[in-house]
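The values are calculated or read from the model by the stated rules, or taken from the named source; none is laboratory data. In this text, all values refer to a predicted model and were calculated from it rather than measured experimentally. Here Cβ is always computed from backbone atoms with ideal geometry, including for glycine, and neighbour counts include all displayed protein chains.
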Amino acid sequence: MATVMETCCIEQIGETAGQVWNCLSENGPMSLTKLSKLVDAPRDIVMQSVGWLAREDKIEIEEKSRGRMIWLK
């Protein structure tokens, strides 16, 4: 049962990573706050997807005074 749940969750994170990538591709750099509002997924899944893309070296994240900015490499 746990394996099925993990696989489902990983698939959802991967699919959301694609949505995040597309959103950044279409709209350019943006804050993580704005990104999580534009992507149609729960905020925690969006954040995990951002981590996925960061691990794959597909995005840049920079700490700003008012939050984090994210963009495609």
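Numerical summary
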read-out: Complete set of residues in segment 35-72 that are closer than 23 Å to ILE10 by Cα and either charged (D, E, K, R) or touching a Cys at 6+ places or on another chain (Cβ under 7 Å) (or both); value: LEU35, LYS37, LEU38, VAL39, ASP40, ARG43, ASP44, ARG55, GLU56, ASP57, LYS58, GLU60
read-out: Close pairs from segment 8-25: first free of Cβ contacts under 8 Å to residues at least 12 places away in the same chain, partner surrounded by 12 or more Cβ atoms within 10 Å (Cβ to Cβ) and not basic (Lys, Arg), Cβ under 7 Å, at least 6 apart; value: none
read-out: Cβ pairs under 8 Å, 6+ apart, first in segment 45-73 and free of Cβ contacts under 8 Å to residues at least 40 places away in the same chain and at positive phi, second of a type in the set (Asp, Glu) and surrounded by fewer than 16 Cβ atoms within 10 Å (Cβ to Cβ); value: none
read-out: Scan of segment 1-43 for residues that are of a type in the set (Asp, Glu) and either at pLDDT below 95 or buried (at least 19 other Cβ atoms within 10 Å of the Cβ) (or both), ordered by number; value: GLU6, GLU11, ASP40
read-out: Filter pass, ARG66 being out of contact with any helix residue (DSSP H, G or I) (no Cβ under 7 Å at 6 or more places or on another chain) and of a type in the set (Lys, Arg); value: yes
